[in-house]
Amino acid sequence: MKIKDLTTLITRKAGIPVNQSMIAEVLGVTRQTISNRIKTDSELTVSELMKLEEKFSVDLLGSAGNDSVQIPYYQDVFASCGDGSIVFSEDRIPVSVSKLFINNYSPNKTYSLINASGNSMSPFINTGDKLIIEHKRGDEQVNDDKIYVFCYKNEFFVKRLSKNIDELIVKSDNENYRPRTIRDEDLNNVYIIGEVVGIIRTV
């Protein structure tokens, strides 16, 4: 769930006007910090949501009723934010996830939950984050600069992608990592699994 959605949501659920300064006070940060996190499209952590729930007496985690959805969690699948990772097991368990964590949730879409490892996508994605993936059909196009989980030469990655006619540009958010271009026949080794539409950060 993103910070930019908070004021409207809490105001609606609590029945009182809530602004960004109030949210900053509850989270123990400055108003400027909240503004910066909104600019960077920052996700809220579970602990931050719990603080806000307690302060405003609202349900933000969507633990009951129609506010949550069950999706498969691949506990042993780690999408690398760095040099790639190999999947040794695709065992999965069903987990309940609040729809508030899923951008533009739709019951007609297919989702799953996997893990992130590495630091090339920080600060947007950190190692240990759980990523909510909206699975894509084979005929769907890559939207430039969105974050995708994809398989390349049997390794899993999570990166920002941009697509030209005969090449795929792979970018990291961490400036220490240079963009990479996949061209020509190597594009046949790329399989787009889905777009990252939510992040669950527990600490």
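Do you know which residues across the range 1-28 are at pLDDT 80 or above and either acidic (Asp, Glu) or closer than 17 Å to residue 123 by Cα (or both)?
Of everything in the range 1-28, just one residue is at pLDDT 80 or above and either acidic (Asp, Glu) or closer than 17 Å to residue 123 by Cα (or both), namely 25.
Just give me the residues in the range 166-203 being in a strand (DSSP E or B), without any contact (Cβ under 8 Å) to a residue 60 or more places away in the chain and either more than 15 Å from residue 120 (Cβ to Cβ) or not aliphatic (A, V, I, L, M) (or both), in sequence order.
Selection gives 167, 168, 171, 180, 181, 182, 183, 190, 191, 192.
Given the criterion basic (Lys, Arg) and in contact with a helix residue (DSSP H, G or I) (Cβ under 8 Å, 6 or more places away or on another chain), identify the matching residue among 160, 201, 178.
Residue meeting the stated conditions: 201.
Table: residues versus (1) among the small types (Gly, Ala, Ser); (2) surrounded by 13 or more Cβ atoms within 10 Å (Cβ to Cβ).
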site: 3; (1), (2): no, yes
site: 12; (1), (2): no, no
site: 17; (1), (2): no, no
site: 22; (1), (2): no, yes
site: 25; (1), (2): no, yes
site: 28; (1), (2): yes, no
site: 38; (1), (2): no, yes
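Please specify each residue of the range 105-129 satisfying the condition of being hydroxyl-bearing (Ser, Thr, Tyr), within 24 Å of residue 68 (Cβ to Cβ) and surrounded by 17 or more Cβ atoms within 10 Å (Cβ to Cβ).
105, 111, 112
Please list, ordered by first then second residue, the pairs with beta carbon atoms under 9 Å, 6 or more apart or interchain, first in the range 1-24 and assigned to a helix (DSSP H, G or I), second modelled with pLDDT under 80 and among the hydroxyl-bearing types (Ser, Thr, Tyr).
3/42; 4/42
Looking at residue 142, is it at pLDDT below 90, in the same structural domain as residue 174 (by TED's automatic domain parsing), touching a Leu at 6+ places or on another chain (Cβ under 8 Å) and over 18 Å from residue 191 (Cα atoms)?
no
The values are calculated or read from the model by the stated rules, or taken from the named source; none is laboratory data. Predicted, not measured: the structure shown is a model, and the values here were computed from it. With ideal geometry, Cβ positions are generated from the backbone for all residues, glycine too; neighbour counts draw on all protein chains shown.
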